[in-house]
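Student: Would you mind keeping the following structure in view while I ask a few things?
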Amino acid sequence: MNILILGSGGREHAFTYKLSQSKKVTKIFVAPGNAGTQEIATNINVNPTDFESVKKAVIAHDIQMVIVGPEAPLVNGVHDFFLADNVLKSIPVIGPKKDGALLEGSKDFSKEFMVKHGIPTAKYQSFTKENLQQGKLFLESLTPPYVLKADGLAAGKGVLILDSLEEAKSELEEMVSNQKFGDASSTVVIEEFLKGIELSVFVLTDGKSYKILPSAKDYKRIGEGDKGLNTGGMGAISPVPFADKNFLNKVEELVVKPTILGLQKDGIDYRGFIFIGLMNDNGNPSVVEYNVRMGDPETEVVLPRIQSDLFDLFDGVANQNLEEKEFSVTDKIATTVMLVSGGYPESYEKGAIISGLDNHKDSTIFHAGTKIKGEAIVTSGGRVLAVTSLADSIQEALDQSYKTIDSIHFKKMNYRKDIGFDLVG
Ligand code: AMP
Ligand code: GLY
């Protein structure tokens, strides 16, 4: 079977790597991919949100399954596009249709969904420019810090957490009246601030049954000690030690089951990943957000721990017999450390030559922002490489990743030297 993966990051390289181990997979194509996917699969120069070009590629390469990495094609309706097309409709797409993708595409929708189905989450109300004054009054009724979220997709930047009431009011006005995040902030969700420690749980579902994948924690800030600007993620660890059996049982009963049942009750046929961002407050889970895809760099620690054939699991999603599929996870700990371009997440240079990528026994190097230029592999993005290691303890896995990193070089390479700092020692 030939497979097409949409996307170009570390997440997609990890999917490619894991699927390439399946005997049932013949050829893997990645659109557009990166230098890492090119080494083990075939990159095709297609933009994942250009559905007509995706269709041409599917026909030209005899694709029999499509895996969607990022959220944008899902929110824009790539799965619906396939179902509406006579040639494409029999080809399974791993990822929800537009109705399910709203769990990530609209914060207002996802909050309403959680409340309707009794899923624990922060109290909230939504506002537009029509009821801005009520929004300001609602802020007055809350205690700081204030959490403001643009309803739509805002490239990971749409959440503001503010200590001052005055600032919260003026930012709300900027968002709804002056389109601070464009259309995405015409509606703003204001919610209670949740205390606790964050982690993520990932679910794969065929719409009927589900598998809970390993938990993970990512490190979002650019600076050590979790300081500085937000990034897409600077590193990740799986499993999360403070998510013990008792806590994960609560997550399954209070969050996962009502989410799957809620989708069914609402008539949403959801086939794909659900990434549940959680707050653990003294052992009680509360949902911070849903994403309708896997996380990046979380995928780079979650997939290497899955021992089952990933294609088999996707086949189960496609044929709605996921329940029958074998699913096992190693007890080993996975860590990943992101190597980024100097300057990221602000402006940075591209095109730096990367050296030292070969012959690493202790780690798997997943490419994110890389491309092939002549004979060389060069940087082509802010997040460049994710260096993943598996070991018996967090510390050992981190030591392996950092040892591997010692021999990798590119101009202005930057990385956090303290991934897992809150979990070890
Ligand atoms: P989101 O895009 O909803 O994941 O929000 C981005 C980040 O903001 C989350 O990963 C949390 O760190 C933080 N955050 C969002 N909502 C809340 C909340 N209600 N209370 C505390 N922190 C939050
Ligand atoms: N690492 C967070 C995300 O993928 O959204």
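The numbers here are math on the coordinates, done by the rules we state, and not lab data. All figures in this text were calculated on a predicted structure; none of them were measured in a lab. Ideal geometry is used to build each Cβ from the backbone, glycine not excepted, and the neighbour counts take in all protein chains shown.
Rundown of residues vs (1) within 16 Å of ligand 2 (Cβ to nearest atom); (2) more than 20 Å from Leu303 (Cα to Cα); (3) of a type in the set (Val, Ile, Thr), yes/no style:
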position	(1), (2), (3)
Ala154	yes, yes, no
Lys157	yes, yes, no
Leu172	no, yes, no
Lys180	no, yes, no
Leu199	yes, no, no
Asn230	yes, yes, no
Leu254	no, yes, no
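Student: While we're here: Got at least one residue in the stretch 127-135 being farther than 26 Å from Pro258 by Cβ, touching a helix residue (DSSP H, G or I) at 6+ places or on another chain (Cβ under 6 Å), free of Cβ contacts under 8 Å to residues at least 40 places away in the same chain and not in a strand (DSSP E or B)?
Tutor: Checked against the condition, which is being farther than 26 Å from Pro258 by Cβ, touching a helix residue (DSSP H, G or I) at 6+ places or on another chain (Cβ under 6 Å), free of Cβ contacts under 8 Å to residues at least 40 places away in the same chain and not in a strand (DSSP E or B), the stretch 127-135 yields no hits at all.
Student: Also: Return the only residue of Leu248, Leu261 being away from ligand 2 (no atom under 14 Å from the Cβ), out of contact with any Gly (no Cβ under 8 Å at 6 or more places or on another chain), closer than 30 Å to Val387 by Cβ and part of a helix (DSSP H, G or I).
Tutor: Going through Leu248, Leu261 in turn, just one is away from ligand 2 (no atom under 14 Å from the Cβ), out of contact with any Gly (no Cβ under 8 Å at 6 or more places or on another chain), closer than 30 Å to Val387 by Cβ and part of a helix (DSSP H, G or I): Leu248.
Student: Separate question: When you scan the stretch 291-301, do you find a residue that is in a strand (DSSP E or B), on the phi < 0 side of the Ramachandran plot and within 16 Å of ligand 1 (Cβ to nearest atom), even just one?
Tutor: yes
Student: Out of the residues in the stretch 379-425 meeting the condition of being without any contact (Cβ under 8 Å) to a residue 60 or more places away in the chain and among the aliphatic types (A, V, I, L, M), tell me which one is farthest from Gly7 (Cα to Cα).
Tutor: The extreme case among them is Val424.
Student: For the stretch 372-411, how many residues meet the condition of being more than 30 Å from Pro241 (Cα to Cα) and touching a strand residue (DSSP E or B) at 6+ places or on another chain (Cβ under 6 Å)?
Tutor: Total meeting the criteria: 7.
Student: Then there's this: β-branched (Val, Ile, Thr) and touching a Phe, Trp or Tyr at 6+ places or on another chain (Cβ under 6 Å): which single residue out of Val93, Val68, Val54 fits that description?
Tutor: Val93
Student: Looking at the stretch 180-239, which of the residues that are charged (D, E, K, R), within 16 Å of Tyr344 (Cβ to Cβ) and within 12 Å of ligand 1 (Cβ to nearest atom) is surrounded by the fewest Cβ atoms within 10 Å (Cβ to Cβ)?
Tutor: Top of the filtered list is Arg221.
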